[in-house]
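Asks: Quick one: this structure, given as structure tokens, is what I'll be asking you about.
The values are calculated or read from the model by the stated rules, or taken from the named source; none is laboratory data. All values reported here derive from a predicted model rather than from experimental measurement. When we count neighbours, we look across all protein chains shown, and the Cβ atoms used for this are built from the backbone with ideal geometry, even at glycine. These accessible areas exclude ligands, DNA and RNA; they are computed on the full protein's heavy atoms, side chains included. Shrake-Rupley method; radii C 1.70, N 1.55, O 1.52, S 1.80 Å.
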Amino acid sequence: MCGIAGCYQQADGQKLVDIMTDRIAHRGPDSAGTWSHDTDRVSAQLGFRRLSIIDLSSAADQPLRKDGLTIVYNGELYNYKALRAELQGFGVRFRTSSDTEVVLEAWRRWGAEALGRFRGMFAFALVDERTGDLVLARDPFGIKPLYYLPRGGGVVFASELKSLVAAVGAELRIEPGALIASMLYYWLPEQRCSIDGVRKLPAGSWALITPDGNVSARQYWQITDVAARAAAGPPADLRAVVEESVAAHLVSDVPISSFLSGGLDSSIVTVLAHQANPGIDAYTITFRPEDQRLEAMPDDAVYARKVAARYGISLHEIEIEPDIVDMLPRIVDVLDEPIGDPAAINTLLMCEAAHERGVKVILSGMGADELFGGYRKHLACVLAGRYRRLPGAVRHGVIRPAVRWLPVTAGGRGLRYARWAKRFLTFAELAEEPRFRRSYTLYDPAELVALVSPDLAGYVDDVVAEHSEIYHDNALTDEVSRMCLADARMFLPGLNLGYTDRSSMAASVEVRVPFVDPVVAEAAFSIPGSAKIRGRQGKAALKRAAESWLPDEIVYRPKASFSAPLRAWVRGDLRELVADVLVGGRLVQSGMIRRAAVGELVAANQEGREDFSKQIWQLLTLELWYRHAQSQGVAA
């Protein structure tokens, strides 16, 4: 796991690469390097920061140059040993034991067809000195990031947006549509970038840039195709698929640890990994009791301890008690883009604690909820169909008025069922696609239009239309599978993979996600929606498979989320910051968001009438991101 940067056909390429590589030093503290290639028709520079995990020798340092090909590669190829053996059968001679050299030789042998053979997470850039071409490529799910900026007759690219901003920030400007998307979702879909002109190489794609400036991008893997094919075939053996994926993700020349929240997904990954490698230990988080009360959070650490004790796993507990006022500007810088999910802080602090103990690799159960229908929103949307069958007089005359008057806090304790009921009624009577969108976004379109400047209202329509287009872009026949597919294309890469990569790599730790795997995805979509959600049980098919690995107490425990004491922070630690920085901030002063609307959100939340903690947190982080971007020279 590493950080890459590069320039192609840039007169100031070496200077920019040096700046970009230094800016992502946290991604690779073990070694650094640059490479330059200049001829009368091609100028290419590559930069690299290394976190050594496979082949720890200096021979595997990058940029790696061999027989006219030079590569910088961020990621891990879990099947590199099998590919290496296959290439050796063709007469290829290797000089390292790294997966990087396997990627380079696989490209030489098979070209773009090699990408379909790779099993892992990766983003890489490769220069062919013979043709002068530059190749950029990214893994099927977009686990590893890759940003690029067309500039002049070439491109500038890097693992993190902050690299590009550090190098050419004065040439850039903020993209208003992305800010609207962030307000709606509290994260950014992969199709959008917060900086105008900068693009994210799409997941499952590669791009060829030629010396004459031509750029051609092509998909080599699309989850919509995989889902359609899988849905038309027989159900997969989930036990075998998940066991094999976890085992595949254990390839490493350094010790591996695991996140263990005590929930189903992390417990599956941790226990299976520990069975394959008894040396694996685990990390979990705890919170202050007063924060848990206001958040109405279950004590997940109790379950983590039970799993660890039952299977003999060494468990390290990390209490999350940050100085959140000081932490906010830091996490805004770490995340690169306006992502308003406080779970990123959990990941950062846990990875820092692991890093201090010498850990470089941690496993995560991320991805199972998206692929197997495990989120509350999935179940809520299914239940909404049943709710709509109730008589209108009951829905509108009894339930809605009663829920409207429910407080969300009482006596310093959060009332999560009241929060859930209020949220449920915001989408329960909508049609399928808008119902799903509203089940996890912060506003309905009219509410968001009322919050922002009238000049930005058109962007709201655009963002909502993009969601509809992606949601309907499939041939699946059941609602649950369509929701899972939409999550795999939007929520998973836009939020969870994004914040996990930035937060973990800020601590120089690699996070691996065995559920976010093409083989697992195909198995997931071979399971019909009716088997994913049964009655009021989400993730039912995965739970049945997990009965062979875990006790029922863990498999069928109530759903919890990898969250933070957001409500306690917003109503307590951050109260003054909300008043000073948000309500009187630059977004309000610029007219981008309306002062009165923000003031009402804050007042209703502080008084306990409504729960707008997520909205306030997102707006506060957006304000800080906006200021930070401008401080780097980016124009508003």
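Asks: Report the percentage of all Cα-Cα pairs in the range 573-636 whose separation exceeds 13 Å, rounded to a whole percent.
Replies: 61 percent
Asks: If you don't mind, another one. Tell me, what HN-Hα J-couplings in whole Hz come from the Karplus equation 6.51 cos²θ - 1.76 cosθ + 1.60 at θ = phi - 60° for each residue of the range 212-217, using x for Gly and Pro?
Replies: The phi angles translate into 7, x, 6, 10, 10, 10 Hz.
Asks: To the nearest 0.05, how large is the calculated FRET efficiency for Arg357 and Arg330 if R₀ is 22 Å and r is the Cβ-Cβ distance?
Replies: The computed FRET efficiency comes out at 0.55.
Asks: Can you give the convex hull volume per residue for the Cα atoms of the range 11-58, as a whole number of Å³?
Replies: Cα-based convex hull of the range 11-58, divided per residue, equals 72 Å³.
Asks: Once amide H atoms are placed 1.01 Å from N in the peptide plane, what residues at a sequence separation of 5 or more from His316, or on another chain, have their amide H within under 5 Å of its amide H?
Replies: Answer set, sorted by chain and number: Ala282, Tyr283, Thr284.
Asks: What is the spread of the Cα atoms of the range 525-630 along each of their three principal axes, largest first, in whole Å?
Replies: Here the Cα extents, ordered largest to smallest, are 57, 29, 24 Å.
Asks: Where does the charge balance sit around Ser258 when Lys and Arg score +1, Asp and Glu -1, over other residues with C-beta under 10 Å from its C-beta?
Replies: Once positives and negatives cancel, what remains is 0.
Asks: So what is Rg over Rh here for the range 88-128, counting just Cα atoms and using Kirkwood for Rh?
Replies: 0.93
Asks: While we're on this one: No solvent, one uniform scatterer per C-alpha: report log10 I(q)/I(0) for the chain via the Debye equation at q = 0.06 1/Å, two decimals.
Replies: Scattering profile of the chain, log10 relative to I(0): -0.31.
Asks: Any idea what the relative contact order of the chain is, in percent, if you count C-alpha pairs under 8 Å spaced at least 6 apart?
Replies: RCO, the chain: 17 percent.
Asks: Largest first, what is the accessible-area ranking of His274, His378 with a 1.4 Å probe?
Replies: The ordering from most to least exposed comes out as His274, His378.
Asks: For a 20 Å ceiling on Cα separation, which of these pairs sit above it: Lys15/Lys162; Lys539/Lys559; Lys144/Lys360; Lys15/Lys66; Lys360/Lys559?
Replies: Violating the 20 Å limit, Cα to Cα: Lys15/Lys66; Lys360/Lys559.
Asks: Between Ser631 and Glu244, what is 0.36 nm times their sequence separation minus the Cα-Cα distance? Round to one decimal in nm.
Replies: 134.6 nm
Asks: Let me ask something else. Count charges around Arg50 for me, please; just the other residues with Cβ under 9 Å from its Cβ, Lys/Arg as +1, Asp/Glu as -1.
Replies: With Lys, Arg at +1 and Asp, Glu at -1, the net is 0.
Asks: Give me the percent of DSSP beta bridges within the chain that run antiparallel, rounded to the nearest 5.
Replies: The answer is about 75 percent antiparallel.
Asks: Per DSSP H run of at least 4 residues, take -39500 (n - 2.57); add these up for the chain, divide by its residues and hand me the 222 nm value, nearest 500 deg cm²/dmol.
Replies: Dividing the helical sum by the residues of the chain leaves -12500 deg cm²/dmol.
Asks: Met327: accessible area at probe 1.4 Å, nearest 10 Å²?
Replies: Using a 1.4 Å probe on the heavy atoms, I get roughly 20 Å².
Asks: So which trypsin sites (Lys or Arg not before Pro) in the range 90-164 pass both tests, a DSSP loop state and at most 16 other Cβ atoms within 10 Å of the Cβ?
Replies: Filter output for the range 90-164: Arg93, Arg95, Arg130.
Asks: While we're here: What number results when the radius of gyration of the range 17-104, computed over Cα atoms, is divided by 2.2 N^0.38 Å?
Replies: After normalising by residue count via 2.2 N^0.38 Å, the value is 1.16.
Asks: For the chain, take the longest principal axis of its alpha carbons; what is the angle in degrees between that and the long axis of helix 479-489, to the nearest 10 within 0 to 90?
Replies: Roughly 50 degrees, rounded to the nearest 10.
Asks: Percent of accessible area on the chain owned by carbon and sulfur, 1.4 Å probe?
Replies: 50 percent
Asks: Suppose the chain between Gln14 and Thr210 were pulled fully straight at 0.36 nm per residue; how much longer would it get relative to their current alpha carbon spacing?
Replies: 68.7 nm
Asks: I've got another one for you. Can you give the local net charge around His316? Use residues other than it whose beta-carbon is closer than 13 angstrom to its beta-carbon, Lys and Arg +1, Asp and Glu -1.
Replies: -3
Asks: Can you compute the FRET efficiency between Glu469 and Ala309 using 1/(1 + (r/R0)^6), with r the Cβ-Cβ distance and R0 = 45 Å? Round to the nearest 0.05.
Replies: So the FRET efficiency works out to roughly 0.40.
Asks: Per 0.36 nm of contour for each residue apart, how much would the distance between Ser57 and Asp478 grow if the chain were fully extended, relative to their Cα-Cα spacing?
Replies: Difference between extended and current length: 146.5 nm.
Asks: Work out which GluC sites (Glu not before Pro) in the chain are exposed loop sites (DSSP not H, G, I, E or B, at most 12 other Cβ within 10 Å) and give the longest gap free of them.
Replies: That gives 1-546 as the longest site-free run.
Asks: Per residue, how much accessible area does the range 1-148 show when a 1.4 Å probe rolls over the protein heavy atoms, in square angstrom?
Replies: Here the residues of the range 1-148 average 34 Å² of exposed surface.
Asks: Turning to a different aspect of this structure: Would you mind finding the longest exposed-site-free stretch of the chain, with exposed chymotrypsin sites (Phe, Trp or Tyr not before Pro) meaning DSSP loop and at most 15 other Cβ atoms within 10 Å?
Replies: Result for the longest clean stretch: 95-404.
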